[in-house]
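**Student:** Input: one structure, supplied below.
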Amino acid sequence: MRALQWLVIALTATMIAGIVAVVTVVVQRMPRPEPYPALPDGLTLPDGAVPEAVTFGRGFIAVVTRDGRILILDRATGALRQTVVPEAAPTD
């Protein structure tokens with residue numbers, strides 16, 4: 001009976017060590033969140049433009065405004081490159 005008690009203790013210790021090992025591996029392998037790209041200091045939107053979404057591309061920043069415009073800004077300087085006004089979707 002004494003041997004069975006020691007086997008149960010050994011099994012419990014082994015299971016605890018296994019859980020600690022699995023948690024350690026999972027925590028170490030979790031990806032770290034990438035930092036957001038930096039916005040240029042001189043970034044200003046045209047008057048009345050309220051941003052709803054921002055997308056970072058190579059060399060540009062696209063800002064979708066509340067009124068539906070897409071503003072393409074230079075990533076380095078923040079200067080406005082282009083304004084895109086999508087056509088309204090047809091309603092059938």
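The values are calculated or read from the model by the stated rules, or taken from the named source; none is laboratory data. Note that the structure is a prediction, hence the values are computed from the model and not measured. Heads up, the Cβs are rebuilt from the backbone with ideal geometry, glycines too, and the neighbour counts pull from every protein chain shown.
**Student:** Output the residues belonging to region 67-92 that are under 22 Å from the mean Cα position of the chain (by Cα) and farther than 17 Å from PRO37 by Cα.
**Tutor:** Across region 67-92, the qualifying residues are ILE70, LEU71.
**Student:** Specify which of the listed residues (LEU39, LEU7) is at pLDDT 85 or above and out of contact with any Phe, Trp or Tyr (no Cβ under 6 Å at 6 or more places or on another chain).
**Tutor:** Answer to the selection: LEU7.
**Student:** Of the conditions (1) of a type in the set (Lys, Arg); (2) surrounded by fewer than 10 Cβ atoms within 10 Å (Cβ to Cβ); (3) not in a loop (DSSP other than H, G, I, E, B), ARG81 satisfies every one except a single condition; which number is it?
**Tutor:** (2)
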